[in-house]
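The values are calculated or read from the model by the stated rules, or taken from the named source; none is laboratory data. All values reported here derive from a predicted model rather than from experimental measurement. For neighbour counting, all protein chains shown are included, and Cβ atoms are generated from backbone atoms with ideal geometry for every residue, glycine included. Ligands, DNA and RNA are stripped out before the accessible areas are found, and what is left, the full protein with its side chains, is counted by its heavy atoms. Shrake-Rupley method; radii C 1.70, N 1.55, O 1.52, S 1.80 Å.
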Amino acid sequence: RAKAQGRNQYSLFDIELAANVQRRRERLLAIEHGLDQAQFRLHYQPKIDLARGRVVGFEGLVRWHRPDGEVLAPMAFLPDLDRSDLERRFGETMIRQALDQATAWFTSGLAVTVSVNISGPHLLSEGFVEVLAELLERHPDCPPDRLALEIVESAAVNDLERAVSVLKQIRELGVQVSLDDFGTGYSSLSHLRSLPVDEVKIDQSFVRDMLDDINDRNIVQSVISLAEAFSLRVVAEGVETAEHAEALQQLGCTLVQGYAFARPMPVAEVADWLDRQSSSTSS
Ligand code: C2E
Ligand code: MG
Ligand code: MG
Ligand code: MG
């Protein structure tokens with residue numbers, strides 16, 4: 001369009017595009033500054049084993065603590081990070097934080113795993129496994145299997161062969177792999193067979209409607225049977241009510257995460273939350 005209008009002529013479209021590029025660049029500079037200032041912090045949501053009535057892990061979910069006190073959810077800044085120069089630095093920062101926390105909980109005698117979400121491009125980037133190995137070496141007091149990496153199926157599908165090889169190497173380091181948002185991609189069945197993972201997480205969209213929508217209930221049931229067939233752990237996410245938890249347990253899924261139990265919380269609140277749990281189950 002700009003060409004048709006001749007040289008040195010810019011269409012409104014070009015101007016808007018340039019403005020968008022400029023705005024994203026500014027947002028990325030803000031993210032870089034936020035990384036320098038340690039403003040990105042993992043909040044933790046417990047993963048609960050209903051069968052044993054105890055917390056078995058925590059998923060770290062990043063929040064941006066702005067200097068003005070505002071706390072931003074991931075969707076407000078993850079899209080800017082996507083395929084940017086900062087994506088690796090950001091992801092490594094989150095893994096380091098998860099390992100610091102896993103070390104602290106392990107040394108305090110709390111038997112929990114810490115999960116951290118990894119973007120597809122970061123997972124498949126050159127040197128990912130080497131950096132992970134180095135981070136583990138710097139946390140000698142943390143058994144590697146206390147760390148779990150959550151990846152989404154779509155991250156693996158684009159280059160399945162490479163994904164399989166990277167996931168194998170991650171598990172050889174002793175780190176667990178969890179397949180997040182399972183069921184939302186296509187041809188999930190064949191992927192599950194070839195991907196070396198320890199756990200699948202049923203996407204919350206299926207869990208949310210499983211009590212009213214027979215299709216969603218069937219999907220939940222299928223994922224549970226699939227996981228069983230491949231000897232994988234299965235976790236339901238987005239469990240918002242006791243009725244959901246009960247239905248899941250009846251279908252054979254005892255690992256759950258969701259607002260019915262706890263929202264993601266800053267690490268400073270976790271100890272109190274754990275105290276309240278143990279006092280409510282022992283009384
Ligand atoms: P996810 O990994 O699938 O995480 C689950 C999301 O559902 C989280 O949203 C969590 O707060 C929310 N959630 C948990 N329980 C419930 C519930 O009972 N009901 C409802 N409605 N929602 C629930 P959040 O924290 O906004 O994170 C959104 C997504 O951002 C995550 O989805 C994950 O894909 C991504 N993400 C979060 N932290 C990180 C990170 O450190 N690195 C990367 N690369 N991605 C991250
Ligand atoms: Mg996740
Ligand atoms: Mg998920
Ligand atoms: Mg999700």
| field | Qualifying position, being closer than 17 Å to ASP49 by Cβ, acidic (Asp, Glu) and in contact (Cβ under 8 Å) with a residue 12 or more places away in the chain, among GLU246, GLU237 | value | GLU237
| query | In this structure, is MET75 within 16 Å of ligand 4 (Cβ to nearest atom), in contact with a Gly (Cβ under 8 Å, 6 or more places away or on another chain), within 23 Å of MET265 (Cβ to Cβ) and not aromatic (Phe, Trp, Tyr)? | reply | no
| request: Evaluate the stretch 243-258: report whether one residue or more is of a type in the set (Ser, Thr, Tyr), more than 16 Å from ligand 1 (Cβ to nearest atom) and within 29 Å of LEU135 (Cβ to Cβ). | output: no
| Counting just the residues of the stretch 26-44 that are in a helix (DSSP H, G or I) and among the aliphatic types (A, V, I, L, M), which one comes out farthest from ligand 4 (Cβ to nearest atom)? | LEU29
| request: Tell me which residues, restricted to the stretch 39-92, are hydrophobic (A, V, I, L, M, F, W, C) and either in contact with a Cys (Cβ under 8 Å, 6 or more places away or on another chain) or within 8 Å of ligand 1 (Cβ to nearest atom) (or both). | output: PHE40, LEU42, LEU61, VAL62, ALA73, MET75, LEU78, LEU81, PHE90
| said: For the stretch 45-123, give me every one of the helices (runs of 4 or more DSSP H) that falls completely inside it and has 1 or more residues that are closer than 21 Å to ASP198 by Cα. | reply: 87-107, 120-123
| Could you give every pair whose Cβ atoms fall below 6 Å, whose first residue belongs to the stretch 37-50 and is of a type in the set (A, V, I, L, M), and whose second residue is in a loop (DSSP other than H, G, I, E, B), counting only separations of at least 6 or pairs across chains? | ILE48/PHE261; LEU50/THR254
| note | In the stretch 124-141, residues that are assigned to a loop (DSSP other than H, G, I, E, B) and under 15 Å from GLU172 (Cβ atoms) total 0
| query | Restricting attention to the stretch 170-180, does a residue exist that is under 18 Å from SER119 (Cβ atoms) and more than 18 Å from the chain's Cα centre (by Cα)? | reply | no
| note | Flagged in the stretch 99-120 as open to solvent by less than 40 Å² (accessible area, probe 1.4 Å) and either within 16 Å of ligand 1 (Cβ to nearest atom) or farther than 23 Å from GLU269 by Cβ (or both), in numbering order, are LEU99, GLN101, ALA102, THR113, VAL114, SER115, VAL116, ILE118, GLY120
| message | With the requirement that a residue be buried (at least 16 other Cβ atoms within 10 Å of the Cβ) and either within 16 Å of ligand 3 (Cβ to nearest atom) or in contact (Cβ under 8 Å) with a residue 40 or more places away in the chain (or both), what does the stretch 136-156 give you? | response | HIS139, CYS142, ARG146, LEU147, ALA148, LEU149, GLU150, ILE151, VAL152, GLU153, ALA155, ALA156
